[in-house]
């Protein structure tokens, strides 16, 4: 009851005219920043942080929280419409969102993404309200072995992601992880894998360079090959009847939504994990538990729902350790944390007692921001659909330009643009030979998290891998990961046994 | 397609060996007090890449994958033409970024693509060739303060920045 009363007070703060205006403004700005290739919530929050000094601290964090939410919704738009993940959190949405758009179901994919984001965000914020302190304590017990086990589980799901050709999937994972290791060795600080001594490799390979190369350039080259350069207009319509049909279809995905929400929320709480691993794991799990896993990657609505619920739930989860313990769960929350410190609001357990208006006003604003993000997103769907109706010979050069600019903006380095072009061309050639590219993109995102976790774990155990089995949380996760890795093999054995012999 | 499958497997195998050699520039074994050397992680991953390539070539030899059985050409002449035109235009645009900057290269690319490849009217081509860089400038440079390359056209933008700031 006490929580309910505090939450109601929070709503009174959130519904103050200035705060409500900031929520609507934040959601709209965030939606467009998230939809722009190369820019995500972290860019939006970082760029607009200085502008928040014009309003009181509570309004400031409400505005930044709304941008965060809006950007999480917006990331799905470029994934679905252009096949270019706007941010790492929306990579998994591309896998099925883009094929749905190509089939003429862009409206369906956008409505599914918006609804799933709303469900994920709502579940996330409810869990946030109810279980903030105990969940933060559990997450805090996670050390390097547990983090690595979690990463291994994410990689294990990739084996199921890549289709049937396991060697090509493993190759894709390994090359993604190697590209993630380019730059400076995190422990010794020495340069590592600096190809041809080119200075651009010192800052590593940004995941967006590979992601835009694969899902932007390579995807466009593939589409041009399929269309043979002919004028190709994507069929996409939006009307109330189709929205209703999509919502009915979405009711059938409730299991995926719940799985994505809970998984995403918990992964979001983990320090240094955030929404990206959460959305990738949710996609992998959705595919693993699906009755028709082969339809994933070809436009299965569950493939949009799972990552979108997870990344929104995770974005809320990531705020939990930030607010209660002063530990950010993602890069965006790290910037929010910085903002709180600047505003004189020291995050930690005491913030709940010292600044209840601020904390509960912020929590209540998350409910409101989630609802407004949904409404604003749905209102703009017709504009997004209009883009798809453009002739392909107009859409293609615009997408190419967005890819090039999107590849340049994160690091402001032309080296990355050239690298992106190379990845795009090689990715297109490999795709023609059925090499799955998704695991490489996912691996380059997770590699920089997995390597330090593995090295710290081995340092803790003096080089023994037994540390991953002797710690309870790590042990359970590793066993699940091993089962997932062995699953294709077990399936082959099962199928062989099931197949009747010619004599039988 | 069958030949392409083999060539890709072999090329990637050689690339894996290069990565193993490159990773070994840093220690790949155990360092007392420091744990695994800086090269260990990429080295063993490159080993994983090599093993995968060996498996791909073995499966090619046994004709297990659809690509290893396919006798269809990897690219027909029309595909090669489209591929060359598109990648050529992209390389040209990125190259021009260094010389005339984004705001010269983007219109040039759009004019080439829309007018000469897409055969759209000069009017439509002109609208996109002007509107796209203007939008890019306002969104990236003014709203988000992310500077795009300008090459030798840099001084031309100074009065515009003076106007906005």
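Throughout, read-outs are computed from the coordinates displayed, never taken from laboratory work. If you're wondering where the values come from, they're calculated on a predicted model, not measured in any experiment. In this analysis, Cβ positions are derived from the backbone assuming ideal geometry, glycine residues included, and neighbour counts consider all displayed protein chains.
Assorted remarks:
- Over all orientations, the range B:2-69 has a Cα convex hull whose mean projected area works out to 4.5 square nanometres.
- FRET efficiency for residue B:160 and residue A:254, using Cβ-Cβ distance with R0 set to 30 Å, rounded to 0.05: 0.05
- Every Cα-Cα pair of the range A:250-384 was included, and the share exceeding 25 Å stands at 36 percent.
- Annotation: the residues A:464, B:70, sorted from fewest to most other C-beta atoms within 10 Å of their own C-beta, follow the order A:464, B:70.
- Long-range Cα-Cα pairs in the range A:268-315 (distance over 19 Å), rounded percent: 24 percent
- Viscosity 0.890 mPa s, 25 °C: Kirkwood-radius Stokes-Einstein D of chain B over Cα pairs, µm²/s: 118 µm²/s
- A full extension of the chain between residue A:412 and residue A:8 corresponds to an added length of 140.9 nm, given 0.36 nm per residue minus the alpha carbon distance.
- Between the Cα long axis of helix B:2-23 and the first principal axis of chain B there is an angle of about 90°, rounded to the nearest 10.
- Centre-to-centre, using Cα atoms only, the range B:127-144 and the range B:73-115 are separated by 20 Å.
- At q = 0.13, 0.19, 0.23 Å⁻¹, base-10 log of I(q)/I(0) for the range B:77-164 (Debye sum, equal scatterers on each alpha carbon): -0.49, -0.91, -1.14
- For chain B, the 222 nm mean residue ellipticity estimated from helices alone, with every DSSP H stretch of n ≥ 4 adding -39500 (n - 2.57) and the total spread over all residues, rounds to -21500 deg cm²/dmol.
- On Cα atoms only, tilt of B:154-164 relative to the major axis of chain B in degrees: 70 degrees
- Rounded tilt (10° steps) of B:122-136 against the dominant C-alpha axis of chain B: 80 degrees
- Take the Cα of residue A:466, step 7 Å toward its Cβ, do the same at residue A:203, and the gap between the two points is 4.5 nm.
- The calculated FRET efficiency for the pair residue B:123 and residue A:298, based on their C-beta separation and a Förster distance of 41 Å, comes to about 0.55.
- Dividing the summed helix terms, -39500 (n - 2.57) for each DSSP H run of n ≥ 4, by the number of residues in chain A produces a 222 nm estimate of -24000 deg cm²/dmol to the nearest 500.
- Estimated inter-spin distance, residue A:487 and residue A:434, nm [label 7 Å along Cα→Cβ]: 2.1 nm
- Ellipsoid semi-axes in whole angstrom, largest first, where each is sqrt(5λ) of the Cα gyration tensor of the range A:2-498: 32, 28, 23
- Separation between Cα centres of the range B:38-57 and the range A:54-91, rounded to whole Å: 37 Å
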